[in-house]
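Inspection log for the structure reproduced underneath, given as structure tokens.
The values are calculated or read from the model by the stated rules, or taken from the named source; none is laboratory data. For clarity, every value in this text was computed on a predicted model and none was experimentally measured. Methodologically, a virtual Cβ is constructed for each residue, glycine included, from the backbone with ideal geometry; neighbour enumeration extends over all protein chains shown. With ligands, DNA and RNA removed, areas are computed over all heavy atoms of the protein, side chains included. Shrake-Rupley method; radii C 1.70, N 1.55, O 1.52, S 1.80 Å.
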Amino acid sequence: MSHTIPDITLNDGNTIPQLGFGVYQIEPRDTVEAVSKALEVGYRHIDTAEMYGNEAEVGQTIRASGLDRGAVFVTSKLNNGFHRPDDARRAFESTLAALKTDYIDLFLIHWPLPTRYDGDFVSTWRTLEEFQRDGRARSIGVSNFQVAHLERLAAEADMVPAVNQIEVHPYFGNQEVRAYGRAHNILTEAWSPIAQGKVLRDPTVVDVAEQVGRTPAQVVLRWHVQRGDIVFPKSTTPERIEENFGVFDFELDDVVMERITELDRGEAGRQGPNPDTFDYIPA
Ligand SMILES: NC(=O)c1ccc[n+]([C@@H]2O[C@H](COP(=O)([O-])OP(=O)(O)OC[C@H]3O[C@@H](n4cnc5c(N)ncnc54)[C@H](OP(=O)(O)O)[C@@H]3O)[C@@H](O)[C@H]2O)c1
């Protein structure tokens, strides 16, 4: 199995490994084992968030791995309760403290929350710009931003987000937001890339997997990779952590790519919340 994961260059010149490991819904007590396994397999990009409650365990595992801090790309995200600039500054410091690191590779606004904070996510974004300017965030980006939200940042802020991390999988192509990203040099990161497992029993996916001699998860992850998006599948199952890493030694032809793309159900395929209305603030 090829272990060469391509780096993609962001609009600020930094690079990010195209395949990473997501830790959403991994309990803190299970995080050390899962991330250790991922690092052992060869993953060098971990996607966490304050909301996931496992930043400390992610940092602890990276330190214990013996790898240089610079060898592992770490993303975290600003939680929904901290959009006001002073709260964002404190939350960012807490993230660095939990990870026990003096910089983070990529820091994101987790959700735009357009119905909260008087609709002001621009001052939140301007606060992330400070973190990049002072070097504590190498790159900054957003998550779950819709086209209108990105247009507003383009009009009112200085920096263009390096990435937009959004829900994308064969049942939800999220084409409009991806197209905006392509046109404006904002890289798309595809969250829930296998729709939390729901696309793996799809007859087309199963058929393609048989045709190319790969597993359904590998086929779907390969589809993302060939579209140029960044992915970080989550698993706490050691065999799956290995399986999901094996997507750079085969290719899908155009016909197969199109068959998977055609599974798009539009808005009906969305599994997670709609960012236009999502307003959850953790207690
Ligand atoms: N920014 C955001 O708002 C946002 C939202 C959601 C997710 N994310 C990020 O995206 C990452 C990935 O998304 P996700 O965790 O929602 O879902 P996902 O990666 O699409 O799917 C994870 C689920 O699929 C199962 N699975 C993994 N590999 C498999 C395989 N090879 N065969 C069969 N089943 C497999 C896992 O089970 P086991 O663990 O039991 O193996 C788990 O139940 C998250 O961890 C997080 O970092 C971000």
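Here are some notes:
- Cα-centre dipole for region 31-103 with unit charges at Cβ (Lys and Arg positive, Asp and Glu negative), debye to 20: 100
- Cα centre as origin, Lys/Arg/Asp/Glu Cβ charges: the chain dipole, Debye: 360
- Rounded to the nearest 5, the antiparallel percentage of DSSP beta bridges internal to region 1-144 is 20%.
- Distance distribution note for the chain: the fraction of Cα pairs above 28 angstrom is 33%.
- Centre-to-centre separation between the Cα atoms of region 179-208 and those of region 253-283: 8 Å.
- Of the residues A38, V58, L113, the one whose Cα sits farthest towards the positive end of the charge dipole of the chain is V58 (charges of +1 on Lys and Arg Cβ, -1 on Asp and Glu Cβ, taken about the Cα centre).
- When both bridge partners sit in region 80-207, DSSP labels roughly 10% of those beta bridges antiparallel.
- The GluC sites (Glu not before Pro) found in region 4-105 include none that occupy coil by DSSP while having at most 11 further C-beta atoms within 10 Å.
- When DSSP beta bridges are restricted to pairs lying wholly in the chain, around 15% turn out antiparallel.
- Loop-located GluC sites (Glu not before Pro) in region 139-211 whose Cβ has at most 13 other Cβ within 10 Å (DSSP): none
- Heavy-atom accessible surface of the chain: percent carbon and sulfur, 1.4 Å: 47
- Shape category assigned to region 1-58 from the gyration tensor of Cα positions, a/c cut at 1.5: oblate
- Once the chain from Q271 to D87 is taken as fully extended at 0.36 nm per residue, the excess over their C-alpha distance is 63.3 nm.
- The chymotrypsin sites (Phe, Trp or Tyr not before Pro) of region 41-82 include none that DSSP puts in a loop with a beta carbon having at most 13 other beta carbons within 10 Å.
- Taking every protein chain into account, the accessible area of the chain amounts to 42 square angstrom per residue (probe 1.4 Å).
- Length gained on full extension, V122 to E242, computed as 0.36 nm times the residue gap minus the Cα-Cα distance: 39.2 nm.
- The three principal axes of the C-alpha atoms in region 119-264 carry coordinate ranges of 49, 31, 24 Å, sorted with the longest axis first.
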